[in-house]
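Notes for the one structure printed next.
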Amino acid sequence: MYFTSLVSVTLFHRLLRNRAGESVATEHFIFLLASRIQNAEKFDEMKGNEMETAYNYKEVMSRRERLAPGHRMCAGCGGTVAVRAVLRALHPEDKAVVGNATGCLEVSTFMYPYTAYEDSYIHNAFENAGATMSGVETAYRVLRKKGKIGEEYKFITFGGDGGTYDIGFQSLSGAMERGHDMVYVCYDNGAYMNTGTQRSSATPQFADTTTTPAGTVSKGKVQIRKDLAAIMAEHHIPYVAQTTFTSNFKDLHTKAEKAIYTKGAAFLNVMSPCPRGWGYEPAELMNICKLAVESCYWPLYEVVDGKWILNYEPKNKLPVEDFLRTQKRFKHLFTPGGEELIAQCQAEVDRRWEELRRKCEA
Amino acid sequence: MAIRERLSGNEAVAYAIRQINPDVMPAFPITPSTEIPQYVANYIANGKVDTEFIHVESEHSAMSAAVGASAAGARVVTATSSCGMALMWEELYVAASDRLPVVMALVNRALSGPININADHSDSMGARDSGWIQIYAESNQEVYDNFLQAYPIAEHEAVHLPVMICQDGFITSHGVENILLVEDEKVKEFVGEYCPAHYLLNEKEPMALGPYAVSSYYMETKRGQREAMKNARRVILEVAERFEKMTGRKYGFFEEYRMEDAEYVIVIIGSAAGTCRAAVDHIRKESGKKVGLLKIRVFRPFPEEELAEALRDKKAVAVLDRSEMFSATGGPLGTEVRSALYGAKSRAEVVNYFYGLGGRDITVEDFEEVYTKLEKLAETHKAEDMYDYIGLRER
Amino acid sequence: MAVPYRKGNSDQMKRNDINERSPWQDITEGNQIYEPATSRRFETGEWRVSTPVYKKEKCRQCLLCVPVCPDSSIPVSEGKRGEFDYDHCKGCGICAAVCPFGAIGMKEGK
């Protein structure tokens with residue numbers, strides 16, 4: 001009904017294939033040089049962290065893979081990186097049912113007869129991942145009560161921002177309000193990528209999308225982003241968190257584990273960049289995430305039983321311009337007259353950051 | 001011994017649900033089906049059933065949760081009407097395509113707009129292509145009996161399709177009638193335990209459901225659904241036979257009333273058949289004219305051959321539709337009956353009427369007038385209109 | 001592609017392949033699949049336009065490359081990564097970008 005897009009996925013790969021291999025390799029090389037030094041520092045830092053906390057990186061990375069390869073997501077897709085990380089937080093001995101709203105992830109990870117999931121999986125439609133998993137979780141409670149199921153199951157459902165912020169918002173709200181023992185994970189790439197990058201309520205202001213194209217009159221998307229994690233927190237469910245990919249994935253892993261093993265409804269908002277929709281080289285994924293976090297465009301926080309906790313505060317908050325500059329969807333902001341728009345972006349990031357800090361200090 | 005009671009159609013459905021004790025009921029209130037989830041909620045509140053109620057925030061979510069719960073391995077029931085079913089529309093197709101034996105108590109009510117809360121069949125007829133088995137009732141007794149037969153049909157391994165048990169809003173849903181109920185133990189035995197072969201929570205093997213099926217697979221999938229619908233014909237009759245053994249009450253695809261020698265026949269679905277029956281008796285008694293009634297019980301799968309066999313040698317047939325479909329040439333039942341008769345090379349005259357839209361009353365006199373018109377049609381072979389209304393005000 | 005046909009026993013399941021030439025009778029009921037991770041049989045490695053090269057001698061087994069792979073193509077066993085799964089790696093290069101030790105290079109083509 002709402003997706004078109006194996007066509008666009010295929011198209012993208014065709015583009016990649018047609019592009020001169022040499023230029024791809026060169027871009028890679030420059031990027032590698034720039035990031036290598038930082039990463040070496042990160043590694044040492046990470047090893048230090050490991051000593052202090054229960055996060056055993058090697059153990060976690062050695063866990064059995066629950067998202068199999070062979071799915072048709074684009075090369076460099078942030079979505080499956082998010083899915084892998086969340087599923088990795090499942091205790092290896094636990095069973096799970098994975099749900100999915102219609103979107104890139106669904107049409108690419110379960111193309112008949114190829115499922116990429118090691119666990120049971122259900123896709124129903126675009127706007128009802130919350131309600132569908134409500135049904136699965138309720139069935140589990142009854143069947144367990146009746147003694148028909150003995151083993152422990154966990155329920156995790158994934159939706160893109162289209163299926164979560166927008167068309168599936170009501171279904172999500174209902175599922176969270178009813179308090180089903182499940183986790184809803186939004187892999188937020190800030191547009192309807194499956195149908196070819198149309199704007200969603202998660203799209204940042206001024207982003208160039210196929211339904212908010214930047215032109216001679218338009219400056220891209222007019223509105224600012226909906227703050228979904230905050231709205232979910234207002235449901236007063238036991239656990240809500242916002243995260244993305246950091247180099248050792250500790251933030252995402254810890255949050256996913258808490259979300260899965262907290263009794264009751266939990267919501268995770270995971271920024272999952274889309275190289276095609278955002279317009280950047282696939283290899284740059286981790287750099288993009290880093291800039292989003294360091295500029296406070298995408299703050300890492302959690303709300304545990306109503307208590308707001310800021311998980312990371314950059315030592316030197318980078319200008320949001322550094323994040324915007326990496327992506328073609330903001331290209332028009334870097335043409336004459338764009339300074340004012342970038343200033344507006346900065347003001348919005350600052351406003352939200354301060355608001356979040358106030359909530360976390362209170 | 002059967003239990004004698006006086007129940008409304010909604011009460012009868014709720015009573016059947018209590019006896020069946022399904023695992024999960026996601027439902028959202030809508031007139032005139034609201035009482036059903038209310039009664040079930042009461043059973044739950046008083047420990048009479050093990051059912052878990054999901055207080056969904058819309059009918060779309062009701063059917064979505066039903067799909068999830070059924071896929072997970074639970075026996076699922078829901079109830080709705082009219083716009084509630086319209087909101088489920090997308091999900092009706094998914095439930096059928098996923099081959100999930102969900103059972104729905106549908107209390108037929110006219111679709112908006114304009115908003116109207118009374119009986120007609122526009123809701124279920126709008127969903128006639130969704131892949132659900134549709135069984136209709138004339139009386140509270142039939143609603144109850146049909147409901148008891150729903151799961152054995154839906155869950156049969158040759159079928160695995162969702163079933164909607166339809167009754168006319170307010171007319172049967174709220175009308176209290178004498179009813180014979182089956183004892184709890186007998187119901188349990190008749191319906192049996194639900195033990196699906198494949199489900200999400202099967203500890204022995206995972207299941208993946210709801211793929212993106214490219215064009216190389218979609219058509220074959222639909223063909224599989226058709227096979228299940230074909231199998232449902234046999235299974236519906238087998239279940240009816242088993243039901244007759246238990247209760248003595250006989251069911252088939254349709255009920256024929258004084259049809260053996262009938263020349264003029266009305267084909268109808270639902271509660272208005274009772275009024276038509278009175279007209280048949282009255283005409284036969286007063287004038288001896290050979291009039292008969294054929295009341296459709298099973299609309300999906302459509303009993304084309306059997307219906308054609310029953311009607312092919314009649315002189316004239318009036319098919320009465322309780323919903324429009326705006327083809328500007330007739331209603332859904334009219335179209336299908338005509339098609340069946342054409343296939344059987346019948347020479348019967350067929351005329352299509354709309355009646356009772358949005359709860360408009362239909363009387364014994366109305367039916368008598370239809371029989372008079374059929375008689376005239378059989379003589380002249382000329383219908384004034386092949387597509388007419390009963391009880392419509394006209395200038 | 002060997003995916004079980006619903007009504008078969010496990011031996012029949014192995015024999016019943018589902019592919020784009022399968023007759024409708026062999027398509028699983030409700031398009032349900034009763035086997036985990038069948039996608040492994042689809043080789044996305046063919047999509048690659050550039051290829052990561054694992055230089056084992058430079059690798060310090062930090063495993064930073066493991067979670068960033070969108071295609072689960074860096075197998076880990078007993079705390080150590082192995083050779084790339086070239087049947088599935090799409091060559092996005094994220095792993096090479098995050099490696100602190102220059103243990104992953106990118107080469108043109110497959």
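The values are calculated or read from the model by the stated rules, or taken from the named source; none is laboratory data. Since this is a predicted model, take the numbers as computed values, not measurements. Virtual Cβ from ideal backbone geometry, glycine too; neighbours counted across all protein chains shown.
Whether any residue in segment B:228-235 is at negative phi and touching an Asp or Glu at 6+ places or on another chain (Cβ under 7 Å) is what I want to check. No, the conditions are met nowhere in segment B:228-235. Per the conditions (1) touching a helix residue (DSSP H, G or I) at 6+ places or on another chain (Cβ under 9 Å); (2) crowded, with 24+ Cβ neighbours inside 10 Å; (3) within 28 Å of A:Thr203 (Cα to Cα), the sole criterion not satisfied by A:Met111 is (2).
Residues that are at the interface with another protein chain (Cβ under 7 Å from one of its Cβ atoms) and of a type in the set (Asp, Glu): which helices (runs of 4 or more DSSP H) entirely in segment A:47-155 hold 1 or more of them? Filter on segment A:47-155 gives A:104-109. In segment A:169-182, the residues that are at positive phi reach residues that are outside any helix (DSSP H, G or I) and buried (at least 24 other Cβ atoms within 10 Å of the Cβ) with C-beta atoms within less than 6 angstrom, at least six apart or across chains, in these pairs: A:Gly179/A:Ala265.
Residue-wise test of (1) within 30 Å of C:Glu20 (Cβ to Cβ); (2) aromatic (Phe, Trp, Tyr); (3) modelled with pLDDT of 95 or more.
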site: A:Arg63; (1), (2), (3): no, no, yes
site: A:His71; (1), (2), (3): yes, no, yes
site: A:His91; (1), (2), (3): no, no, yes
site: A:Tyr112; (1), (2), (3): yes, yes, yes
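Step by step: first the residues of segment C:56-77, then only those that are assigned to a loop (DSSP other than H, G, I, E, B) and more than 7 Å from every other protein chain (Cβ to nearest Cβ), then the one that is nearest to A:Pro273 (Cα to Cα). Which residue is that? The qualifying residue nearest to A:Pro273 (Cα to Cα) is C:Cys69. Quick check: is even one residue across segment B:207-225 surrounded by 15 or more Cβ atoms within 10 Å (Cβ to Cβ) and more than 14 Å from chain A (Cβ to nearest Cβ)? The answer is yes; a qualifying residue exists.
Within the set B:Leu209, B:Leu161, B:Leu200, the sole residue that is under 30 Å from B:Asn10 (Cβ atoms), touching a residue at least 40 places away in the same chain (Cβ under 8 Å) and touching a helix residue (DSSP H, G or I) at 6+ places or on another chain (Cβ under 7 Å) turns out to be B:Leu161.
Right, B:Asp129: under 17 Å from the mean Cα position of the chain (by Cα) and without any contact (Cβ under 8 Å) to a residue 12 or more places away in the chain or not? For B:Asp129, the condition - under 17 Å from the mean Cα position of the chain (by Cα) and without any contact (Cβ under 8 Å) to a residue 12 or more places away in the chain - is met. Taken over segment A:133-155, the criterion of being surrounded by fewer than 24 Cβ atoms within 10 Å (Cβ to Cβ), β-branched (Val, Ile, Thr) and farther than 21 Å from A:Arg66 by Cβ is satisfied by A:Val142 alone.
A single entry from C:Gly109, C:Gly82 fulfils the requirement of being loosely packed, with under 13 Cβ neighbours inside 10 Å, at the interface with another protein chain (Cβ under 7 Å from one of its Cβ atoms) and of a type outside the set (D, E, K, R): C:Gly109. Scanning for something without any contact (Cβ under 8 Å) to a residue 60 or more places away in the chain, away from chain C (no Cβ under 14 Å) and at positive phi, does segment B:278-290 turn up at least one residue? Yes, segment B:278-290 has at least one match.
C:Gly102 fulfils the conditions (1) in a helix (DSSP H, G or I); (2) within 7 Å of another protein chain (Cβ to nearest Cβ); (3) in contact (Cβ under 8 Å) with a residue 40 or more places away in the chain except for a single criterion, (1). Here A:Thr164 fulfils each of the conditions (1) within 13 Å of another protein chain (Cβ to nearest Cβ); (2) polar (S, T, N, Q); (3) in a helix (DSSP H, G or I) apart from (1). Checking each residue in segment C:26-46 for being over 11 Å from the mean Cα position of the chain (by Cα), surrounded by fewer than 23 Cβ atoms within 10 Å (Cβ to Cβ) and in a helix (DSSP H, G or I) picks out C:Asp26, C:Glu29, C:Glu46. Look at (1) within 21 Å of the chain's Cα centre (by Cα); (2) not in a helix (DSSP H, G or I); (3) not polar (S, T, N, Q) and you find that B:Pro206 fails only one, number (1). Of the strands (runs of 3 or more DSSP E) lying entirely inside segment B:295-389, those carrying at least 2 residues that are in contact (Cβ under 8 Å) with a residue 40 or more places away in the chain and within 18 Å of the chain's Cα centre (by Cα) are B:298-300, B:316-321. Only residues that are buried (at least 22 other Cβ atoms within 10 Å of the Cβ) and assigned to a loop (DSSP other than H, G, I, E, B) were counted across segment A:210-232, and they come to 3. Considering (1) over 19 Å from the mean Cα position of the chain (by Cα); (2) in contact (Cβ under 8 Å) with a residue 24 or more places away in the chain, the lone condition that A:Lys255 does not fulfil carries the number (1). Residues that are farther than 26 Å from A:Glu321 by Cα, part of a loop (DSSP other than H, G, I, E, B), more than 14 Å from chain C (Cβ to nearest Cβ) and in contact (Cβ under 8 Å) with a residue 40 or more places away in the chain do occur in segment A:193-202.
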